[in-house]
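The values are calculated or read from the model by the stated rules, or taken from the named source; none is laboratory data. These figures come from a predicted structure and were not determined experimentally. In this analysis, Cβ positions are derived from the backbone assuming ideal geometry, glycine residues included, and neighbour counts consider all displayed protein chains.
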Amino acid sequence: MMSPGSLAKLHAQCFLTPRPWSSKEFQELLLQTSVHLVSKDYGFIVGMLIGSEAELLTLAVDPQQHRKGIATKLLKEFENLCRSNTIKKIILEVMETNRPALKLYETNNFIVQGARKDYYSGVNGIKVSAIIMTKVL
Ligand SMILES: CC(C)(COP(=O)(O)OP(=O)(O)OC[C@H]1O[C@@H](n2cnc3c(N)ncnc32)[C@H](O)[C@@H]1OP(=O)(O)O)[C@@H](O)C(=O)NCCC(=O)NCCS
């Protein structure tokens, strides 16, 4: 199991915007009973399971280990965790400029549900919309 410190370290390697989460933030988040961590060597997903819906809060894979199927495996494991908790739908938000992640989710049968305009503040304060994607299990 990855420690809050190693989650934060990996998160910082993966994210500039949205800003990386600190070790303390991971620690506090994971104390919530609805919050679940799925981790493997080199990557993790944190999700929140409430009622019949789950929100994928974050997904990070070590930049040195991209395109090896790690995110795909993590997604499958997260989906299985959701199914065993009788979750019917997964929801997530992704920056419209994040092509690798958009492609990953499309490949894994998530569909675009809508957008939140100018949701993120990107590099130099430039606003970037969030794409909302869902997958019915
Ligand atoms: C997005 C991310 C999690 C993908 O992790 P990964 O382990 O490299 O993904 P996989 O190897 O499982 O890729 C599966 C498929 O996703 C798509 N994909 C992944 N990275 C891609 C890229 N850079 N460009 C285009 N398509 C990509 C491809 O279809 C790929 O299949 P293929 O390699 O057979 O072509 C990783 O790039 C990452 O950590 N990025 C920074 C953090 C982030 O953006 N997280 C998601 C926020 S919502």
The number of residues in the range 83-137 that are within 14 Å of the chain's Cα centre (by Cα) and either assigned to a strand (DSSP E or B) or more than 12 Å from the ligand (Cβ to nearest atom) (or both) is 12
What single numbered condition from (1) in contact (Cβ under 8 Å) with a residue 24 or more places away in the chain; (2) loosely packed, with under 14 Cβ neighbours inside 10 Å fails to hold for Glu28?
(1)
Got at least one residue in the range 39-54 being under 20 Å from Pro4 (Cα atoms) and surrounded by fewer than 15 Cβ atoms within 10 Å (Cβ to Cβ)?
yes
Looking at Val128, is it farther than 22 Å from Lys9 by Cα and in contact with a strand residue (DSSP E or B) (Cβ under 8 Å, 6 or more places away or on another chain)?
yes
Conditions first: (1) part of a helix (DSSP H, G or I); (2) closer than 20 Å to Val94 by Cα; (3) charged (D, E, K, R). Lys9 passes all but one, so which condition is the exception?
(2)
When the range 111-137 is examined, which residues are found to be surrounded by 15 or more Cβ atoms within 10 Å (Cβ to Cβ), under 11 Å from Glu93 (Cα atoms) and modelled with pLDDT of 95 or more?
Ser129, Ala130, Ile131, Ile132, Met133, Thr134
The condition of being on the phi < 0 side of the Ramachandran plot, of a type in the set (A, V, I, L, M) and in contact (Cβ under 8 Å) with a residue 40 or more places away in the chain holds, among Ala101, Ala54, Ala115, only for Ala101
Those residues that are away from the ligand (no atom under 11 Å from the Cβ) and assigned to a loop (DSSP other than H, G, I, E, B), I need them from the range 28-59; list them, please.
Gln32, Thr33, Ser34, Asp41, Gly51, Ser52
